[in-house]
Each structure stands twice: as C-alpha cells, then as structure tokens.
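The values are calculated or read from the model by the stated rules, or taken from the named source; none is laboratory data. Worth saying up front: this structure is predicted, and the values here are computed from it rather than measured. Cβ atoms come from the backbone with ideal geometry, glycine included; neighbour counts cover every protein chain shown.
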Amino acid sequence: MNSLTIRRPDDWHLHLRDGDMLRAVAPESRHFGRAIIMPNLVPPVVTGAQAASYRDRVIAAGFARPLMTLYLTETTDPTDVVQAHADGIITAVKLYPAGATTNSASGVSNFENVRDVLTAMEAAGVPLCLHGEVTDADIDIFDREARFLDRVLTPLRAAHPDLKLTLEHVTTSEAVDWVRAHPGVGATITVQHLMANRNDMLAGGMRPHFYCLPILKRGTHQTALRQAATSGEAQFFLGTDSAPHPTHAKESACCSAGCFTATHALPLLAHVFEEEDALDRLEGFISLHGPAHYGLPVNDDTITLSKGSHLDFPARIEAYGQSVTLFDPGHPIHWHVVD
Ligand code: NCD
Ligand code: ZN
C-alpha cells in the first residue's frame with residue numbers, strides 16, 4: 001500500500017502553550033481537525049472564563065477547532081466546571097497529580113479534596129483526563145504509572161463508576177491491561193511511546209529529545225503499546241502529547257520533559273502501522289476511536305498519506321528567537337501527508 005486516504009484525524013492530547021510559543025507551534029498541528037488542548041499553562045487554566053479566553057488565543061494563533069480543558073485543583077468550583085461544559089467551552093477536565101510533570105504544581109495531592117467536583121462531573125457527564133502517575137519520591141520513576149493504577153485509578157473508578165475517563169499517554173503493559181479490563185475507559189497513546197523505548201533514550205548516550213513523562217519504558221512495554229494501538233480496539237486512540245520546550249531547556253543539565261511531534265506525527269504513525277502490517281487500522285486509531293469515545297462526530301473531510309521519498313522534516317522550528325527541536329526517531333521515514 002503506497003497511498004492511504006482516511007478521515008481527517010484528531011489529536012486527543014496536545015500542548016500548545018501560550019504567547020509566542022503558541023503562535024509558533026499552532027500551525028504545526030494543521031493536519032489535525034480537532035485537538036484536546038492541555039491546560040498546564042503558567043498559571044494553569046482553572047476556570048471556565050480562562051478556558052474561553054485561552055480558546056480565543058488558540059484560534060487566533062491558527063488552530064481553528066480546539067477542544068478546551070480545565071486544570072483540576074483542590075479548590076476547583078464544581079458549578080463552574082459543569083457550567084463551562086454545558087456552555088460548550090470545555091470538553092474535559094484534566095487531573096494532574098501534584099508534581100507529576102511539567103507545570104503540575106497546582107495539581108491534586110489529596111483526592112478527598114476533589115470528591116465533590118468528580119461527583120458533579122459524573123452526574124453531568126463531564127469527562128476526566130488523567131495523568132496516570134503517582135508522585136511519591138520513594139516510588140521508582142519507571143513504576144509510577146503501574147502504581148497509579150492500583151493506588152489511585154482502581155479506587156477512583158469504584159467510587160465514580162459513571163465518570164467518563166481517559167487515561168492519558170499510557171506507557172506500560174499494566175496500563176493496557178487495566179484499560180482492557182474496564183470497558184468504556186479510553187486511553188491515549190503517543191507517537192514517541194510507539195516508536196521508542198528507554199534504550200533509545202539512554203543506551204550509547206543520553207538523548208534529551210526522547211525524555212518525556214511518563215518516561216519511556218523497556219521494550220516489552222513498547223511492544224504492548226504497539227499491539228494495543230494497531231489492534232483495532234476502540235478504547236485506544238492517538239494523543240500525541242506533543243509538548244514544545246525551547247531547545248535550550250531540552251539540551252540542559254536538567255532537561256525539561258516533553259517531545260515535540262506535532263509536525264510529523266502522521267508520517268511517523270504511518271511508519272509504525274506499516275511496520276506492524278496494520279495500515280488498514282490507522283484510521284481507527286487516529287480518526288475514529290477518539291470521536292466515538294468523546295461522543296463527537298468524526299471529521300467529514302479526509303487526508304491522504306503517501307509513501308515515497310525520504311521525509312525531509314526540519315531539525316527545528318523557529319519560535320520567535322528560540323527554537324523547538326523535533327523528535328527524531330533516528331531512522332528514515334518515507335510517509336508524507338499530501339497537502
Ligand atoms: C508535558 C508538558 O511539557 O507540558 N510533558 C511531557 O513530558 N509529556 C506534560 C505532560 O503531559 O506530562
Ligand atoms: Zn501532556
């Protein structure tokens with residue numbers, strides 16, 4: 001198969017930032033119809049009014065159909081969340097355990113303090129997106145997702161069985177198994193977790209552009225993720241988690257977490273699905289399963305991917321005096337989006 005025409009895809013987990021960085025990166029997601037926009041700005045997007053104003057800035061920066069989220073804190077007002085969802089301002093609420101990742105200091109430490117919000121969301125049908133890692137200093141970074149499943153997610157699911165959940169950027173076979181055991185729960189998978197494992201990041205030199213959270217795991221987990229993504233199971237869909245950081249912040253003694261994949265996500269995914277002999281399932285993963293999970297229509301136009309010469313993507317994009325380095329899998333890619 002050298003050409004593939006499919007429904008226009010969506011990105012169910014995207015970081016666009018704000019200001020100059022927003023203006024630089026928003027056009028890079030142009031092949032996607034909609035995207036769930038993460039709220040971890042500094043300060044975070046915590047009220048419906050802030051989400052509406054951020055939505056307007058995203059649209060002005062050139063991404064026409066953002067789906068906004070609120071950042072859940074221990075002081076989030078349940079009425080504001082439910083109203084923002086009823087008004088069509090937000091699509092979901094994002095839960096970051098405090099300290100789990102980039103700009104997550106205002107996240108949740110004590111889950112008892114968000115019970116009322118979760119109960120109100122459950123009653124009103126507001127979806128919750130989860131960054132699924134515990135943050136206790138005594139838990140090894142490679143175990144933080146698996147521990148989150150038993151310590152947080154299983155009790156949360158039992159307490160709120162009707163709350164619509166998306167487990168974001170799953171990275172382990174344990175998470176894949178947990179999702180399969182809980183019908184109705186959705187899970188996003190990133191490009192980098194399908195393309196790489198921790199050896200790619202750490203063997204033969206430390207590669208900061210492979211560093212993201214949740215951190216890349218061993219190859220057996222990468223295999224489980226590739227199997228889930230290419231299986232055709234509707235619980236699994238694309239969330240790139242494309243997360244721009246200035247090159248100097250990545251190439252640093254204390255590297256920021258995040259891989260920037262928006263520009264070439266679709267060719268990279270076509271490469272993965274071809275390797276798995278599953279190109280016929282790419283459309284489900286990137287264009288159909290996400291809308292079904294969120295109860296939204298699929299996009300009505302299409303895109304075409306074609307296979308040909310070596311994809312010539314830039315090493316960096318310019319961002320108003322700074323640069324953002326693209327995730328480079330380290331081997332040639334031959335798929336292109338036909339513009
Ligand atoms: C994200 C970011 O930079 O905002 N970083 C990352 O490594 N994925 C935050 C996140 O989604 O965890
Ligand atoms: Zn993210």
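Mind listing just one residue for me: the one in region 86-100 that is of a type outside the set (A, V, I, L, M, F, W, C) and surrounded by 21 or more Cβ atoms within 10 Å (Cβ to Cβ) and, of those, farthest from Ala249 (Cα to Cα)? Per the stated criteria, the residue is Thr91.
Does Gln235 qualify as being among the polar types (S, T, N, Q) and more than 16 Å from ligand 1 (Cβ to nearest atom)? When the stated conditions are applied, Gln235 passes them. Residues in region 154-177 that are away from ligand 1 (no atom under 16 Å from the Cβ) and within 18 Å of the chain's Cα centre (by Cα): Lys164, Leu165, Ser173, Val176.
Elements of the type helices (runs of 4 or more DSSP H) sitting completely within region 196-284 and holding at least 2 residues that are hydrophobic (A, V, I, L, M, F, W, C): these cover 198-202, 219-230, 265-275. When Ala35, Ala24 are checked against the criterion of being over 20 Å from Gly186 (Cα atoms), small (Gly, Ala, Ser) and within 16 Å of ligand 1 (Cβ to nearest atom), a single residue qualifies: Ala24.
Among the residues of region 20-31, just one is assigned to a loop (DSSP other than H, G, I, E, B) and in contact (Cβ under 8 Å) with a residue 40 or more places away in the chain, namely His31.
For region 136-150, which residues satisfy the criterion of being out of contact with any helix residue (DSSP H, G or I) (no Cβ under 7 Å at 6 or more places or on another chain) and surrounded by 14 or more Cβ atoms within 10 Å (Cβ to Cβ)? Of everything in region 136-150, those that are out of contact with any helix residue (DSSP H, G or I) (no Cβ under 7 Å at 6 or more places or on another chain) and surrounded by 14 or more Cβ atoms within 10 Å (Cβ to Cβ) turn out to be Phe142, Asp143, Arg144, Arg147, Phe148.
Looking only at residues in region 116-135 that are charged (D, E, K, R) and in contact (Cβ under 8 Å) with a residue 40 or more places away in the chain, the one that is surrounded by the fewest Cβ atoms within 10 Å (Cβ to Cβ) is Glu122. Close Cβ contacts (under 7 Å, 6 or more residues apart or on different chains) running from residues in region 65-80 that are surrounded by fewer than 18 Cβ atoms within 10 Å (Cβ to Cβ) to residues that are in a strand (DSSP E or B) comprise Glu74/Val108. Within region 94-129, the residues that satisfy the criterion of being closer than 17 Å to Leu167 by Cα, within 12 Å of ligand 1 (Cβ to nearest atom) and part of a loop (DSSP other than H, G, I, E, B) are Tyr96, Ala100, Thr101, Ser104, Gly107. For Thr69, the test of being part of a loop (DSSP other than H, G, I, E, B), of a type in the set (S, T, N, Q) and at pLDDT 95 or above is failed. Arg17: part of a helix (DSSP H, G or I) and surrounded by 15 or more Cβ atoms within 10 Å (Cβ to Cβ), yes or no? Here the answer is no, as Arg17 does not meet what is asked.
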